[in-house]
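For reference, the structure discussed in these notes is given below.
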Amino acid sequence: MGNIISPPAKTVLVSLSNEAKEKLLPVLQSLTNQHLSIYATPGTHQFLNNHGVLSVLVHKISNQDGVPNISYLMEQGVFTAVINIPSPQDNNGEQTDGEMIRKLAIQNARWPITDVQTAAMVLGHLANS
């Protein structure tokens with residue numbers, strides 16, 4: 001008999017507003033025993049860590065010296081899904097990290113999820129597929 005090859009792990013990038021963190025916490029907590037890796041930007045990573053959800057810290061695009069960096073991982077095709085839910089006050093005329101994440105996701109054929117309801121559905125689907 002041949003070797004059994006396990007499918008690649010599903011990997012999700014999450015970068016969430018404070019409101020979205022609270023709303024998605026129950027879904028993210030339910031994923032801890034699924035075959036799903038969560039990569040999170042610093043604020044989201046800290047929030048998840050404080051609530052017992054394992055995640056890998058990934059540095060924002062604007063932090064080019066931070067390793068691992070979203071840009072590098074996105075270009076390597078690491079993420080199955082990109083969940084980036086911005087804060088309402090993120091639109092001050094300058095390009096935010098969130099805007100850069102969404103643009104880079106699209107350039108790498110990873111359609112960014114930008115609302116809580118869709119994020120919850122996608123996470124649930126990934127956990128059960």
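The values are calculated or read from the model by the stated rules, or taken from the named source; none is laboratory data. Fair warning: this is a prediction, and the values are worked out from it, not measured in the lab. As a convention, Cβ positions derive from the backbone with ideal geometry for all residues, glycine included, and neighbour counts pool all protein chains shown.
Here are some notes:
- Of the strands (runs of 3 or more DSSP E) lying entirely inside region 6-86, those carrying at least 2 residues that are at pLDDT 90 or above and closer than 13 Å to L104 by Cβ are 10-16, 81-85.
- Of all residues in region 107-120 being within 14 Å of the chain's Cα centre (by Cα) and among the hydrophobic types (A, V, I, L, M, F, W, C), the one that is farthest from Q29 (Cα to Cα): W111
- Contacts under 9 angstrom Cβ, first residue in region 37-60 being under 16 Å from G98 (Cβ atoms), partner in a loop (DSSP other than H, G, I, E, B) and of a type in the set (D, E, K, R), 6 or more apart: T41/K60; P42/K60; H59/D65
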